There are 2 protein chains.
Amino acid sequence: MASVTTRSTPLPAPWDGVRAQLHDRGLRWTPQRRLLVEVLARTDGHVTAAELLESCRAIDPATIPSTVYRTLDVLEELGLLRHAHGPEGREEYHVLPREEHGHLHCAGCGGRWEIGADDAAALVATLAARDGFAVDLSHLVVVGRCRGCGAG
Amino acid sequence: MASVTTRSTPLPAPWDGVRAQLHDRGLRWTPQRRLLVEVLARTDGHVTAAELLESCRAIDPATIPSTVYRTLDVLEELGLLRHAHGPEGREEYHVLPREEHGHLHCAGCGGRWEIGADDAAALVATLAARDGFAVDLSHLVVVGRCRGCGAG
DNA sequence: GGGCTTGTCGCCACAGTATGCAATAACAAA
DNA sequence: TTTGTTATTGCATACTGTGGCGACAAGCCC
Ligand SMILES: [Mn+2]
Ligand SMILES: [Mn+2]
Ligand SMILES: [Zn+2]
Ligand SMILES: [Zn+2]
């Protein structure tokens, strides 16, 4: 049988550190995880979990959904991903989040924009001061109607 | 066969008007819709779509999921319901929304609170002024950690 | 290299939600 | 009351995501 460990391309930073990060936590570096990491390394911005699964299957059709979903959870714990939910509740991942930001979705045209930390600052501060609540900005999705789409 | 039109209990306001509201729009009053409306009339605050389905099945085990989900959409269009999404993206309905409000969810303990229009005012105003974006406050779910649960 | 430990995979079953389609039934008009 | 129109149902099916479980294999130690 052919060797499975595709020594193909070395991973770019910070993905080349994932193996070590996993080992530090007593977790393992498997072909399935390497495949997803390779896919992620070629992705930037926002992707759906389902899209990532599809990309993996394009390379290895034997890819199992639950393995991908579980690996996404692990990588999120390592801080390499953050997820939020689209207007219909489906998972959307943000790869290599630089500055934390929320998301703005128009229910009319489907347009999407980012919400900067400064835009949310007032809400975050209000909830922190009054309730001691720490908002997870990355997970925040604000739905409504953009200028072009007008009132519902 | 037995008559299906359970003339059982007359519906309380504003549910007693649903039939007329439907007819005004060329839509129909069916036993399936009546059943869900009866369940909703006994519900207050927030419910999951799945919980509503279950409640319907408790009364009529023949209840079909897609019929319930479709009816929920219709009733939301009539303004009798609003929905948002829990932290995992599942649908949560707000029955007979009085004042519009958003939701605050703690990812640690699962605690839930409401966000008043005043709490969100700054964010809403910012997005309206800068982008002409009209926020749907009812659909807003802010996830994070409450005071007791501390930082993640 | 050869074992051991235990994290992970593959598989299955299921929860929750959405959609196309043909058969049915609600409603209104006659 | 009968008929005709067409909204709605039921069904089959698909999609997204979760969780249990036994078989497997990654990594450590010798
Ligand atoms: Mn929604
Ligand atoms: Mn989430
Ligand atoms: Zn728009
Ligand atoms: Zn908490």
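Just so it is clear, none of the values below were taken in a lab; they were calculated from the coordinates. Keep in mind it's a predicted model, so treat the numbers as computed, not measured. Cβ: placed from backbone, ideal geometry, glycine included. Neighbour counts: every protein chain shown.
Ranked for footprinting exposure by Cβ neighbours inside 10 Å, fewest first, A:TYR93, B:TYR69 give B:TYR69, A:TYR93.
Partner shielding of B:123-131 amounts to 5, given as the average count of beta-carbon atoms from other chains within 10 Å of each residue beta-carbon.
Where the alpha-carbon atoms of chain B are placed on the principal axes, they occupy 61, 35, 25 Å, in descending order. Inter-chain Cβ neighbour count for B:137-148, averaged per residue, equals 6 (cutoff 10 Å, partner chain atoms only). For the protein assembly as shown, taking a cut-off of 4.7 Å between Cβ atoms, the unpaired cysteines are A:CYS56, A:CYS109, A:CYS149, B:CYS56, B:CYS109, B:CYS149. For chain A, set up a Gaussian network in which alpha carbons nearer than 10 Å are linked by springs, and say which option among A:SER138, A:SER66, A:SER55 fluctuates the most. The residue that fluctuates most here is A:SER66.
Taking every C-alpha pair closer than 8 Å and separated by at least 6 residues, the mean separation divided by the residue count of chain B gives a relative contact order of 18 percent. With just the Cα atoms defining each centre, how far is segment B:96-142 from segment A:73-152? Give it in Å. So the separation of the two Cα centres works out to 12 Å. Average 1/r across all pairs of distinct alpha carbons in the protein assembly as shown, invert it, and you get the Kirkwood radius: 22.1 Å.
Just to be sure I understand the curve: with the Debye formula and one point per C-alpha of segment B:60-117, what is log10 I(q)/I(0) at q = 0.21 Å⁻¹? Evaluating at q = 0.21 Å⁻¹ gives log10 I(q)/I(0) of -0.91. Taking the longest Cα principal axis of chain B as reference, the axis of helix B:65-77 is set at about 70 degrees.
Taking the longest Cα principal axis of chain A as reference, the axis of helix A:49-59 is set at about 30 degrees.
Where both bridge residues fall in the protein assembly as shown, DSSP classifies roughly 80% of the beta bridges as antiparallel.
Here is how the number arises for chain B: DSSP H runs of 4 or more residues each give -39500 (n - 2.57), the sum is divided by the residue count, and the result at 222 nm is -11500 deg cm²/dmol. Hull volume per residue, based on the alpha-carbon atoms of segment B:33-91 and their convex hull, is 82 Å³.
Sorting the segments A:111-119, A:21-29 by their residues' average number of neighbouring beta-carbon atoms within 10 angstrom, most packed first, yields A:111-119, A:21-29. Counting only other chain Cβ atoms within 10 Å of each residue's Cβ, the peptide A:110-116 averages 1.
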